[in-house]
Ligand SMILES: NC(=O)c1ccc[n+]([C@@H]2O[C@H](COP(=O)([O-])OP(=O)(O)OC[C@H]3O[C@@H](n4cnc5c(N)ncnc54)[C@H](OP(=O)(O)O)[C@@H]3O)[C@@H](O)[C@H]2O)c1
């Protein structure tokens with residue numbers, strides 16, 4: 001079968017290629033899925049460039065791709081609850097990547113039925129970002145209805161999921177984003193949008209109960225003052241000096257990595273079908289053009305998800 005692989009760490013254009021590889025082995029707890037669409041996440045090209053090797057060394061040749069949607073082709077001997085032909089979506093385990101391919105094997109515990117109202121292209125863009133937003137809001141910040149939330153990077157894939165899920169959970173949502181994305185974000189449920197290019201977000205001290213940071217750096221440093229005492233800073237980009245700054249400002253600091261979770265994806269599929277969460281597609285690339293897809297995501301300015309499809 002055809003699959004995107006990386007031969008070593010390096011620049012996307014130098015080390016990523018599409019190759020003919022063996023079909024994946026099916027473990028007893030796995031589903032073998034015909035991938036109809038897969039989405040690019042920053043983690044995919046951060047692994048290729050070697051940025052993630054401080055946390056985990058990659059084994060080469062490395063099959064690429066973390067998020068996928070497709071049709072179950074076969075079911076492992078110990079799997080219950082799924083049948084051949086089911087439409088599913090998933091974020092694979094970090095040590096078993098490979099959704100930029102015709103077939104992928106994935107542990108059934110990480111899989112859920114795809115939202116009935118979403119195309120494969122739309123469904124493929126949901127798992128990693130929606131799980132990140134859901135876990136950040138409900139497990140890290142432990143949000144409750146009525147709280148005031150600031151989402152940094154509201155127009156990004158994770159940010160937009162956080163805006164929508166927070167709105168669904170009854171929070172008052174402010175997002176930072178470029179002015180051109182303001183109307184779209186308000187359509188998703190943001191109560192207020194601050195143009196990060198021209199406006200400061202930190203005019204009112206203690207304005208928010210929770211900050212969900214998908215931008216990091218200086219934006220994160222400037223965020224401590226906008227939190228009420230006892231508030232929570234959730235970061236998906238790490239949090240330098242978290243202990244010291246948390247104590248200084250009297251806030252909880254929660255940097256975290258998302259985890260794949262089929263049970264949560266089943267709940268998220270219900271929210272998609274109820275109209276509470278929409279996926280925005282920036283562009284669709286064929287599998288053979290996977291380098292262009294990774295490069296588009298790495299620009300940092302895609303408007304929604306970049307999709308790779310062996311059938312595009
Ligand atoms: N810890 C985890 O588990 C986890 C999970 C998922 C993602 N991540 C990380 O989170 C980051 C975001 O991921 P993503 O998939 O959402 O990326 P993305 O779709 O590329 O979105 C990036 C967004 O950030 C916006 N942005 C850039 N600078 C900004 C600023 N100063 N203020 C406000 N918005 C700004 C961009 O807006 P413009 O278009 O205006 O430039 C863009 O909308 C990545 O670094 C990724 O590696 C971590």
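The values are calculated or read from the model by the stated rules, or taken from the named source; none is laboratory data. From a predicted model like this one, the values you see are computed outputs, not experimental measurements. Please note: Cβ atoms are built from the backbone with ideal geometry, for glycine as well, and neighbour counts cover all protein chains shown.
In table form, for the structure just shown:
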| read-out | value |
| --- | --- |
| Selection within the range 164-192 - out of contact with any helix residue (DSSP H, G or I) (no Cβ under 7 Å at 6 or more places or on another chain), in a loop (DSSP other than H, G, I, E, B) and surrounded by fewer than 24 Cβ atoms within 10 Å (Cβ to Cβ) | 170, 178, 191 |
| One residue from 68, 98, 50 being at pLDDT below 95 and assigned by TED's automatic domain parsing to the domain that holds residue 283 | 50 |
| Residues (within 11 Å of the ligand (Cβ to nearest atom) and either surrounded by 13 or more Cβ atoms within 10 Å (Cβ to Cβ) or not assigned by TED's automatic domain parsing to the domain that holds residue 162 (or both)) located in the range 196-224 | 196, 201, 212, 213, 214, 215, 216, 219, 220, 222, 223 |
| Options 143, 151: the member that is within 11 Å of the ligand (Cβ to nearest atom) and in contact with a helix residue (DSSP H, G or I) (Cβ under 6 Å, 6 or more places away or on another chain) | 151 |
| Selected residue (criterion: farthest from residue 3 (Cα to Cα)) from residues of the range 264-293 that are out of contact with any strand residue (DSSP E or B) (no Cβ under 6 Å at 6 or more places or on another chain) and within 16 Å of the ligand (Cβ to nearest atom) | 277 |
| Unique match (being assigned by TED's automatic domain parsing to the domain that holds residue 136, modelled with pLDDT of 95 or more and loosely packed, with under 13 Cβ neighbours inside 10 Å) among 237, 248, 233 | 248 |
| Some residue of the range 102-125 being surrounded by fewer than 24 Cβ atoms within 10 Å (Cβ to Cβ), near the ligand (Cβ under 9 Å from one of its atoms) and not in a helix (DSSP H, G or I) | no |
| Residue list for the range 213-248, filter: part of a helix (DSSP H, G or I), in contact with a strand residue (DSSP E or B) (Cβ under 6 Å, 6 or more places away or on another chain) and closer than 17 Å to residue 159 by Cβ | 219, 220, 226 |
| Residues of the range 12-42 classified as touching a helix residue (DSSP H, G or I) at 6+ places or on another chain (Cβ under 7 Å) and not in a strand (DSSP E or B), total | 6 |
| Only one of 18, 40 that is within 16 Å of the ligand (Cβ to nearest atom) and either touching a strand residue (DSSP E or B) at 6+ places or on another chain (Cβ under 6 Å) or more than 28 Å from residue 122 (Cβ to Cβ) (or both) | 40 |
